[in-house]
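The values are calculated or read from the model by the stated rules, or taken from the named source; none is laboratory data. It should be emphasised that the depicted structure is a prediction, and the values quoted were computed from it without experimental measurement. Note: ideal-geometry Cβ built from the backbone for every residue, glycine included; neighbour counts use all protein chains shown.
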Amino acid sequence: MLNDYYKGKKILVTGGSGSIGHKIVEELLKYDVDVVRVFDNNETALFDLEHDLNSSKIRLFVGDIRHSKRLKTAFKDVDIVFHAAAYKHVPLCEYNPVDAVETNVGGTQNIIEAAIYCGVEKVVLISTDKAVSPVNVMGATKLLAERLMISSNAYSGADGTKFSCVRFGNVLNSRGSVIPLFKKQIKKGGPITITDEDMTRFIMHIHEAANLILGAGRISEGGEIFILKMPAVKVTDLAEAMIEYYAPKYGFDVEDIDVKIIGKRIGEKLNEELMTADETLFAEETDDLFIIRKEINENHPNVVYNSSEIEQLSKDKIFKILDEIE
């Protein structure tokens, strides 16, 4: 079904050299697309992506989403835009709030305006659980980006660009995520640093995230927030499992690697949410997704989607995940 939908399409991915963007590009190339334009401000990463994927269907665009004129050039004749470009690291956004707003909010506004101007069929924003009841700059900017994206359907009209969002948690083994950090700390002999021993997070495989994003792009009609279902993990359980898994690989005994509690960082939540109680009233449930629409759903799911209140992954399941990402 995805191949039928994406066949012959011209697609652009912003932030295409990042972990999620790269994977979206890689998955799109499996279908009979016409072209995938990759838009990013990291020249070296674009060069590496081109050589890594080695496809004649890739077109590289060096540019910044804060520059609206460049976006309008890149968006010409594009059918679908996946908007993955963002500042995503919580502490960096706390200490660079103006830049975070200019990129995550102003850049998203530029995306919207360029898409309407160029007659793009659909735009899908890649968002995060940190946009739900935000307590930090990054989450607040992504919440506003979501609201801009959804509300902009009013600007484009019934026959214009369709704007929607996809929201999910932490992607396993992505750049800057906890697994590469813990691996690096174990390789150095420890300690593994954890901000709070009760902290929980949503996690998912990057290939699952990319495929569900493409699936959401296919079925979007404008105005939806697609929430990808995923398991949760207690961060201390993840750390202990990774010590057992990786310490012998790096020449250490399990007992050699300590876990150090360093306290919550500024702007950091103890647990994450993927959907608020109010949003559940507008949600419908599928096998893989919750879909928040504009109208109240009388048969809405009765669910609390908080990372501390759903089943946590066992160590055996964490070991299986570590095997899969190696």
Exercise. Would segment 88-101 turn up any residue that is in contact with a helix residue (DSSP H, G or I) (Cβ under 7 Å, 6 or more places away or on another chain), among the small types (Gly, Ala, Ser), modelled with pLDDT of 95 or more and closer than 17 Å to Gly139 by Cβ?
Worked result: yes
Exercise. Is one or more of the residues making up segment 27-42 among the hydrophobic types (A, V, I, L, M, F, W, C), assigned to a loop (DSSP other than H, G, I, E, B) and in contact (Cβ under 8 Å) with a residue 40 or more places away in the chain?
Worked result: no
Exercise. Only one of (1) modelled with pLDDT of 95 or more; (2) outside any loop (DSSP other than H, G, I, E, B); (3) out of contact with any Cys (no Cβ under 7 Å at 6 or more places or on another chain) is not met by Ile227, so which one is it?
Worked result: (1)
For this session: Identify, by number, the condition in (1) at pLDDT 90 or above; (2) touching a helix residue (DSSP H, G or I) at 6+ places or on another chain (Cβ under 6 Å); (3) within 25 Å of Lys320 (Cβ to Cβ); (4) of a type in the set (Ser, Thr, Tyr) that Ser174 doesn't meet.
Result: (1)
Exercise. Mind checking whether some residue in segment 294-311 is surrounded by 18 or more Cβ atoms within 10 Å (Cβ to Cβ), hydroxyl-bearing (Ser, Thr, Tyr), in a loop (DSSP other than H, G, I, E, B) and in contact with a Phe, Trp or Tyr (Cβ under 7 Å, 6 or more places away or on another chain)?
Worked result: yes
Exercise. Which one of these is at pLDDT 95 or above, of a type in the set (A, V, I, L, M, F, W, C) and within 21 Å of Cys118 (Cα to Cα): Ala145, Ala131, Ala140, Ala158?
Worked result: Ala145
Exercise. Does Ala145 qualify as being out of contact with any Leu (no Cβ under 9 Å at 6 or more places or on another chain) and on the phi < 0 side of the Ramachandran plot?
Worked result: no
Exercise. Is it the case that Val78 is in contact with a strand residue (DSSP E or B) (Cβ under 7 Å, 6 or more places away or on another chain), under 23 Å from Thr108 (Cβ atoms), in a loop (DSSP other than H, G, I, E, B) and not hydroxyl-bearing (Ser, Thr, Tyr)?
Worked result: yes
Seminar exercise, completed: Only one of (1) modelled with pLDDT under 95; (2) out of contact with any Pro (no Cβ under 8 Å at 6 or more places or on another chain) does not apply to Arg265, and that is (2)
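So in segment 261-276, with the set limited to residues that are surrounded by 12 or more Cβ atoms within 10 Å (Cβ to Cβ) and out of contact with any helix residue (DSSP H, G or I) (no Cβ under 8 Å at 6 or more places or on another chain), which one is nearest to Phe290 (Cα to Cα)?
Met275
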For this session: Take segment 39-60 and flag every residue that is in contact with a Leu (Cβ under 9 Å, 6 or more places away or on another chain) and under 18 Å from His207 (Cα atoms).
Result: Leu49, Leu53
For this session: Please work out which one of (1) more than 30 Å from Asp79 (Cβ to Cβ); (2) surrounded by 22 or more Cβ atoms within 10 Å (Cβ to Cβ); (3) touching a Ser or Thr at 6+ places or on another chain (Cβ under 9 Å) is the condition Phe168 fails and give its number.
Result: (1)
Exercise. Among the listed residues Phe252, Phe290, which satisfies the condition of being part of a strand (DSSP E or B) and either loosely packed, with under 13 Cβ neighbours inside 10 Å or not basic (Lys, Arg) (or both)?
Worked result: Phe290
Exercise. Are there any pairs with C-beta distances below 7 angstrom linking a residue in segment 297-326 that is in contact (Cβ under 8 Å) with a residue 12 or more places away in the chain and farther than 20 Å from Leu274 by Cα to a residue that is of a type in the set (Ser, Thr, Tyr) and surrounded by 16 or more Cβ atoms within 10 Å (Cβ to Cβ), with the two at least 6 apart or on different chains, and if so which?
Worked result: Phe319/Tyr245; Leu322/Tyr245
